[in-house]
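The values are calculated or read from the model by the stated rules, or taken from the named source; none is laboratory data. What you see is a predicted model; the values in this text were computed from it and never measured. Here the Cβ positions follow ideal geometry from the backbone for every residue, glycine too, while neighbour counts run over all protein chains shown.
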Amino acid sequence: MKAAVLTFPGSNCDQDLVTALRDDFKMHVDLLWHTEPFQPSHDFYFVPGGFSYGDYLRTGALAAQARSVASLKEAAAQGRPIIGICNGFQILCETKLLPGALIRNTNLQHICEWSPLKGDGEWMGAFPEGYALPISHGEGNFICSERELSEIKTNGQAVLRYTQNPNGATWDIAGLASKNKRVIGLMPHPERALHTQKDSAVSARHYGKIFFEKIFRLTN
């Protein structure tokens with residue numbers, strides 16, 4: 001299996017993803033630089049977390065104009081699986097590969113903690129009781145129009161929802177899929193929860209692996 005990770009100035013979770021995909025899932029991983037277009041030839045595409053272009057203007061807004069993102073849209077048109085994590089989710093919304101947008105948390109603070117989650121739609125019942133993933137963001141408040149929310153509910157696109165909404169997100173949305181379920185964005189960081197968390201208040205063991213394995217099954 002081949003995976004690609006898009007990298008922008010300000011990305012800081014790209015190497016975390018490379019390590020996770022290579023070491024935990026035995027994938028061949030390539031880093032794709034933001035200025036370079038590419039021919040869609042990988043099995044999976046990932047857009048990592050961080051602060052692309054320093055989050056100037058609006059989170060993900062400048063990254064959405066990158067030449068590599070134009071190629072990412074081509075990959076989406078071909079039905080290739082695309083996963084955006086944190087800033088990657090923001091970028092996918094800015095490119096219109098996913099509906100809605102991510103804005104400042106309602107408390108106007110950066111939130112860094114483990115967040116309890118549940119699956120929705122095709123992900124209903126996919127996670128064990130007490131499932132949680134780490135979050136770290138200042139702009140994780142998902143918003144969308146009433147029409148978009150109605151479609152999200154009807155199509156089962158809200159693949160992850162907060163059980164204790166930390167940021168004010170509409171309908172507790174923590175993760176979202178496109179209508180064809182081939183593009184997925186989420187604010188939590190599964191790549192940071194692949195191994196036992198010895199010092200965490202959450203007794204999480206390999207919760208990130210559960211998430212990735214579910215993605216790989218759904219998009220295969």
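To keep it simple, each residue is scored yes or no on (1) crowded, with 16+ Cβ neighbours inside 10 Å; (2) outside any helix (DSSP H, G or I); (3) of a type in the set (Phe, Trp, Tyr).
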| site | (1), (2), (3) |
| --- | --- |
| Val5 | yes, yes, no |
| Asp16 | yes, no, no |
| Thr19 | no, no, no |
| Leu32 | yes, yes, no |
| Pro37 | no, yes, no |
| Ser41 | no, yes, no |
| Ala64 | yes, no, no |
| Glu74 | no, no, no |
| Arg80 | yes, yes, no |
Open item on the list: Give me the residue from the range 122-162 that is part of a helix (DSSP H, G or I) and touching a Leu at 6+ places or on another chain (Cβ under 8 Å) and, out of that set, surrounded by the fewest Cβ atoms within 10 Å (Cβ to Cβ).
Closed with: Glu122
TODO: Return a yes/no flag: does the range 106-126 have any residue that is touching a helix residue (DSSP H, G or I) at 6+ places or on another chain (Cβ under 6 Å) and under 27 Å from Val69 (Cβ atoms).
DONE: no
Task: Close pairs (8 angstrom Cβ cut-off, 6 or more residues apart or separate chains): touching a residue at least 12 places away in the same chain (Cβ under 8 Å) and closer than 19 Å to Tyr162 by Cα in the range 175-186, part of a loop (DSSP other than H, G, I, E, B) and among the β-branched types (Val, Ile, Thr) anywhere - done: Gly175/Val159; Leu176/Val159; Ala177/Val159; Ile184/Val159; Leu186/Val159
Open item on the list: Here is a check on your reading of the model: is Pro116 part of a strand (DSSP E or B) and either under 15 Å from the mean Cα position of the chain (by Cα) or closer than 22 Å to Cys13 by Cβ (or both)?
Closed with: yes
- [ ] Enumerate the pairs (first residue in the range 152-170 and free of Cβ contacts under 8 Å to residues at least 40 places away in the same chain; second residue anywhere and among the acidic types (Asp, Glu) and surrounded by 16 or more Cβ atoms within 10 Å (Cβ to Cβ)) with beta-carbon separation below 8 Å, excluding pairs fewer than 6 apart on the same chain, so at least 6 apart or on different chains.
- [x] Gly156/Asp120; Ala158/Asp120; Asn165/Asp172
Open item on the list: For Ala20, only one of the following conditions fails: (1) within 19 Å of Lys214 (Cβ to Cβ); (2) at pLDDT 90 or above; (3) more than 18 Å from the chain's Cα centre (by Cα). What is its number?
Closed with: (3)
Open item on the list: Going residue by residue through the range 170-193, is there one that turns out to be farther than 21 Å from Val18 by Cβ, in a helix (DSSP H, G or I), modelled with pLDDT of 95 or more and touching a Phe, Trp or Tyr at 6+ places or on another chain (Cβ under 6 Å)?
Closed with: yes
Open item on the list: For Ile85, only one of the following conditions fails: (1) surrounded by fewer than 19 Cβ atoms within 10 Å (Cβ to Cβ); (2) touching a helix residue (DSSP H, G or I) at 6+ places or on another chain (Cβ under 8 Å). What is its number?
Closed with: (1)
- [ ] Read through the list (1) at pLDDT 95 or above; (2) in a loop (DSSP other than H, G, I, E, B), then give the number of the only condition that Arg58 fails.
- [x] (1)
Task: Condition check for Asn105: more than 13 Å from the chain's Cα centre (by Cα), crowded, with 18+ Cβ neighbours inside 10 Å and over 15 Å from Ala4 (Cα atoms) - done: yes
